[in-house]
Amino acid sequence: MLRKTVTALLILFCFLLQTTVFRSLNFGGIIPNLMIILTSSFGFMRGEREGLLIGFFCGLLCDVFYGDILGFYAMVLMYVGFVNGKFSGIFYPQDIKLPMALILLSDLTYGVTCYVLLFLLRGRLDFTYYLLNIIVPEAIYTIIVTLLLYPLVLGINGILEAREKRRAQIFV
Amino acid sequence: MSPVVKKKGEKFTIPSKYLLFVLTVLCCVAMLLTFGTDLFNIPLNSAAGYVIVPFQQGISKTGEWLSRRSDELKQIRDLLEENARLKDQVAELTSENTVLQQNYYELNRLEDLLELKEEYNQYTSVGARIISRDSGNWYSNFVVDKGYEDGIAVDMNVMADGGLVGRVTSVGPNWAKVTSIISDHSNVSATVMPEGDNLIVSGDLQLMKNGVIRFSQLLDGDDGVEPGNKVVTSSISDKFLADILIGYIDTINLDANNLTKSGYITPVVDFEHMEEVLILTQLKTQIEEEDAQE
């Protein structure tokens, strides 16, 4: 229950940061994607199931406020979380390289997916423009923000896991 | 044996791949349903409105307060200079104003004479504050702090700086989403003044950084349209009220088909630094119905 509450608050916190504070801290109109950081890190920290659920709810939040149709971002982020969950077997909290690589890759994939489904299908063919001006800058900014946000997410998860372990021992 | 089996003493959970499948189907159904209808809008928008909008309002107010304080410090010196300059200008404008007032009086008289008085500038409006902007980098939509409890409805037009910003595309109890005309998927039917030729203004992500928007489908048979001409919303649009200023023509090019022209428009609204907008509370369809009743 505590984990659910904390995760919900974390999603809310990141969504609020992304749509208000980072809008003022944009670089050339580009904002980082905190939803990807959250989805992807919970994916490789906690496994497929939690990754896909958190992705689904993060996406749903974006859909309700900014989507043209309901369920688009929810589906894309859900798959991002699920695929990241596949890497939970080789994840160690001490290692920063794998999380960084996964988040970067996730954001690039997310960007390309959005381009193909939202822009290419409407006949916007200039892929290199969108790649160099939207997708890559977003990924770079996201990675910079990851350096600050990821330790926080990791710390919160550590505290929760320690607590869950203690409670499990009490019951044994 | 099926993997969905309840073992003794173990909490029942669905394996993640089945969950993924179920949620994918759910998303697809939701997408199909919301493509044409607004079925889930009311419950979801209300829930989101009560949970998230208060926070967004708080953050945006704090942010605004902070930026205003820093701006104030920066601007005091500039303001003193500007004040002196403006005083001169006031004197100039006062004399100009008297001339214009005479002209206005004459115009009114002539319009009465011709019974030409148009329904112009008579739209009622509500002010609203922008509380958050798009969560992605693809479109430029934003959310304002007024919703259906304040009388806002989908398709109401939004203005700022005396120009068209966009229209409301989704409402919650205390918030409304505005799709701006520079958003990549937005198209507005417009008219060039004074010629009266129609054209289509479409948002484009590639041009957004240059501060211009694209127009196309301009049938300008007698080559009357020139850069600098005014572009306003046309009366044939079914979503946008007529005669709202969009911007001024920047460049015109003849299309490859040698019939239509396209080019760029400089919008009058500064989309980057908007904080407050005006929502026109009349809907185009509503006005037409009233006219029909009369």
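Mind telling me which of the residues A:141, A:110, A:79, A:150 ends up being touching a strand residue (DSSP E or B) at 6+ places or on another chain (Cβ under 7 Å) and either among the basic types (Lys, Arg) or in contact (Cβ under 8 Å) with a residue 24 or more places away in the chain (or both)?
Values: A:110 fails: touching a strand residue (DSSP E or B) at 6+ places or on another chain (Cβ under 7 Å); A:79 fails: touching a strand residue (DSSP E or B) at 6+ places or on another chain (Cβ under 7 Å); A:150 fails: touching a strand residue (DSSP E or B) at 6+ places or on another chain (Cβ under 7 Å).
One residue alone meets the criteria, A:141.
Here residue B:266 fulfils each of the conditions (1) within 30 Å of residue A:24 (Cα to Cα); (2) in a loop (DSSP other than H, G, I, E, B) apart from (2).
Of the residues making up the range A:76-106, those that are assigned to a helix (DSSP H, G or I), away from every other protein chain (no Cβ under 14 Å), under 20 Å from residue A:34 (Cβ atoms) and aliphatic (A, V, I, L, M) are A:98, A:100, A:101, A:102, A:103, A:104, A:105. Scanning the range B:243-272 for residues being within 16 Å of residue B:158 (Cβ to Cβ) and buried (at least 17 other Cβ atoms within 10 Å of the Cβ) gives a total of 8. Of the residues examined, residue A:149 is one that is of a type outside the set (Lys, Arg), assigned to a helix (DSSP H, G or I), modelled with pLDDT under 95 and in contact with a Cys (Cβ under 9 Å, 6 or more places away or on another chain).
When the range A:16-27 is limited to residues that are more than 7 Å from chain B (Cβ to nearest Cβ) and not polar (S, T, N, Q), the one that is surrounded by the fewest Cβ atoms within 10 Å (Cβ to Cβ) turns out to be A:25.
Do we find a residue being aliphatic (A, V, I, L, M) and part of a loop (DSSP other than H, G, I, E, B) anywhere in the range B:182-192? Yes, the range B:182-192 contains at least one residue that is aliphatic (A, V, I, L, M) and part of a loop (DSSP other than H, G, I, E, B). Scanning the range B:142-196 for residues that are small (Gly, Ala, Ser) and closer than 22 Å to residue B:34 by Cα returns B:147, B:153, B:166, B:170, B:172, B:176, B:180, B:183, B:186.
Filter the range B:145-179 for residues that are within 21 Å of residue B:207 (Cβ to Cβ), of a type outside the set (A, V, I, L, M) and more than 12 Å from chain A (Cβ to nearest Cβ); which is surrounded by the fewest Cβ atoms within 10 Å (Cβ to Cβ)? For the range B:145-179, the residue satisfying everything is B:161. Residue count for the range B:14-41 satisfying the condition of being under 24 Å from the mean Cα position of the chain (by Cα), more than 8 Å from chain A (Cβ to nearest Cβ) and exposed (fewer than 12 other Cβ atoms within 10 Å of the Cβ): 2. Number of residues in the range A:160-170 that are surrounded by 12 or more Cβ atoms within 10 Å (Cβ to Cβ) and free of Cβ contacts under 8 Å to residues at least 24 places away in the same chain: the value is 1. Filtering the range A:35-74 to residues that are out of contact with any Gly (no Cβ under 9 Å at 6 or more places or on another chain), more than 7 Å from chain B (Cβ to nearest Cβ) and surrounded by fewer than 24 Cβ atoms within 10 Å (Cβ to Cβ) leaves A:57, A:68.
Only one entry of A:145, A:136, A:112, A:153 meets the criterion of being surrounded by fewer than 18 Cβ atoms within 10 Å (Cβ to Cβ) and more than 23 Å from residue A:71 (Cα to Cα), and that entry is A:136. Given the condition of a type in the set (Phe, Trp, Tyr), free of Cβ contacts under 8 Å to residues at least 24 places away in the same chain and more than 21 Å from residue A:26 (Cα to Cα), answer yes or no: does some residue in the range B:97-120 qualify? The answer is yes, given that some residue of the range B:97-120 is of a type in the set (Phe, Trp, Tyr), free of Cβ contacts under 8 Å to residues at least 24 places away in the same chain and more than 21 Å from residue A:26 (Cα to Cα). Taken over the range B:109-144, the residue count meeting the criterion of being away from every other protein chain (no Cβ under 14 Å), modelled with pLDDT of 80 or more and out of contact with any helix residue (DSSP H, G or I) (no Cβ under 9 Å at 6 or more places or on another chain) is 3.
The values are calculated or read from the model by the stated rules, or taken from the named source; none is laboratory data. Because the structure is a prediction, the values reported are computed rather than measured. Cβ: placed from backbone, ideal geometry, glycine included. Neighbour counts: every protein chain shown.
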